[in-house]
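Since the structure comes first, as structure tokens, the remarks are kept for the end.
The values are calculated or read from the model by the stated rules, or taken from the named source; none is laboratory data. Nothing here was measured: the structure is a model prediction, and the numbers come from that model. Cβ sites come from the backbone with ideal geometry, for glycine too, and all protein chains shown count toward neighbours. Remember, those area values only see protein heavy atoms, side chains included, never the ligands or the DNA or RNA. Shrake-Rupley method; radii C 1.70, N 1.55, O 1.52, S 1.80 Å.
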Amino acid sequence: MVTNWKNELLWYQSAPILQKLSRDVLDEVAFRWANKMGVPPLNTYSVKVRDNKAYIPRQGSRDDSRNYAHRYLYFILSVYGPVADNRLLDDFCRKLSQQNLTLLRFQNLYFHKLLQSREEINDFPVVAVENLRLRKYFYNGRVRNWDVAYRLWAEEKYHREINLFETCIKNIYVWRAYNYRIYADNPTDEAELVRNLIIHFNQCRMKNVLPPADFYDKNQIGEVVFDLFPDIDSSLFDFMYERGVYMDFTALRTFYRE
């Protein structure tokens, strides 16, 4: 296991810390990829940690390689273990193992649910929809607005039936958000509904709860939303991943347009 300068074990850590350290290593590998620098074998012995930040020693070695995705895949497996019975890890490793993986797609794995905190996962549908609204996408031979491109992509990829009425009626506060406007039973309106629900959930509860007592925090809202829409986060991520959208939403994280 990796130790710090005090010889303390650092890889037996809680999930949020492991996620943060894993993102540090991904950033370093991406930097070396962009600059055509070699990467040594990566595992919990070779990666170092200082001041709560993981880093790759920079000394050159004959063992350095430019097979960046393979190096990082080996590191992830050394940290998280085998992929069996772990849906997120299996999806992450499958994406890392794809032939002709581009640097952009590798960088976007920084925002995969495996490496994101609970709070970041709860925010993702909001910032994803906000970002998608600003762009057009080339899909099936035409440039399209996001609502058309995402709807066609999701319908072709998942072939799942969407019934927002039956889903939303299970929770009174979700039902109120659903009735605020007309939503069609398609992937785009589902994503828009989830975005609006996350932002306005507490407003939908104000008829029954005196503010500020008992207002749901972000994690409680996420529990409700992802219980009803368990695949929305992965669906939005996969669309942007496949369409080549860089997912650094830093400029949007603190500002949601109404």
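Taking the Cα centre of segment 47-157 as origin, sum charge times position over the Cβ atoms of Lys and Arg (+1) and Asp and Glu (-1), and report the length of that vector in debye to the nearest 20.
Values: 20 positive and 13 negative charges, 88 e Å.
Result for segment 47-157 is approximately 420 debye, rounded to the nearest 20.
Principal axes first, then extents: for the Cα atoms of segment 49-138, list largest minus smallest coordinate on each axis, whole Å, largest first.
47, 32, 30
Would you mind getting the accessible area per residue of segment 75-218, heavy atoms of the protein chains only, 1.4 Å probe, in Å²? Kindly include the intermediate steps, with their values, before the conclusion.
On the way: 7840 Å² over 144 residues.
That works out to 54 Å² for each residue.
Take the alpha carbon atoms of segment 81-179, find their radius of gyration, then divide it by 2.2 N^0.38 Å using N residues; give the quotient.
Values: Rg = 16.8 Å, N = 99, 2.2 N^0.38 = 12.6 Å.
Dividing the Cα Rg of segment 81-179 by 2.2 N^0.38 Å gives 1.33.
Cα gyration tensor of segment 93-133, axes a ≥ b ≥ c as square roots of the eigenvalues: rounded (a/c below 1.5), prolate (a/b > b/c) or oblate? Let's see the in-between values first.
On the way: a/c = 3.25, a/b = 1.63, b/c = 2.00.
In terms of gyration-tensor shape, oblate.
Just to verify a number: what accessible area does Ile17 come out at with the full protein assembly present, 1.4 Å probe, Å² rounded to tens?
Ignoring ligands and nucleic acids, Ile17 comes out at about 80 Å².
Per-residue accessible area for His159 at 1.4 Å probe radius, Å² rounded to 10?
Only protein atoms counted, so the area is about 150 Å².
Ignoring ligands, DNA and RNA, how do Asp64, Asp217, Asp189 rank by accessible area with a 1.4 Å probe, largest first? Don't skip to the answer; put the middle values down first.
Values: Asp64 50, Asp217 80, Asp189 25 Å².
Most to least solvent-accessible, the answer reads Asp217, Asp64, Asp189.
Whenever you get a sec, compute what percent of the accessible area on segment 142-251 sits on carbon and sulfur atoms (1.4 Å probe). Intermediate results must be reported in sequence, preceding the final value.
Values: 2850 of 5820 Å².
Summing carbon and sulfur atoms, their accessible area is 49 percent of the total for segment 142-251.
Distance between the C-alpha centers of segment 224-245 and segment 152-170? Whole Å please.
Segment 224-245 and segment 152-170 have Cα centres separated by 12 Å.
Going by accessible area, probe 1.4 Å, with all protein chains left in place, what is the ranking of Phe124, Phe226, Phe165, largest first?
Numbers: Phe124 15, Phe226 40, Phe165 90 Å².
Highest to lowest solvent-accessible surface, that is Phe165, Phe226, Phe124.
For Asp233, Asp123, give me the order by solvent-accessible area with a 1.4 Å probe, most accessible first, ignoring ligands, DNA and RNA.
Details: Asp233 5, Asp123 35 Å².
Final ranking, largest accessible area leading: Asp123, Asp233.
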